[in-house]
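The structure appears below as structure tokens.
Every number in this text was worked out from the coordinates using simple rules, so none of it is lab data. Note that the structure is predicted; figures quoted are calculated from it, not measured. Reconstructed Cβ throughout: ideal geometry from the backbone, glycine too, with neighbour counts over all protein chains shown.
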């Protein structure tokens, strides 16, 4: 997913798929929700984790935990759900 300008004209924006098929956007704020929803539809994104400036993911032994001071939001097949700090984030499934 890309909503920043591609300054270096990269052709391949795929990641390493280290987080089980999720895509991530960082620096998310609630004011960007409609932009994110439009990008999800346009790009056909099914699973997106939106991290703010005040949270992060900790991944160890096939477990992913939200760290920080704020909730994150995950979009999964058109449905959004908030996760709280210290909450485990499931591998992709219906949330």
note = Going through (1) assigned to a loop (DSSP other than H, G, I, E, B); (2) surrounded by 12 or more Cβ atoms within 10 Å (Cβ to Cβ) one by one, residue 59 fails only at (1)
key: Meets criteria (part of a helix (DSSP H, G or I), free of Cβ contacts under 8 Å to residues at least 40 places away in the same chain and out of contact with any helix residue (DSSP H, G or I) (no Cβ under 7 Å at 6 or more places or on another chain)) for residue 11   = no
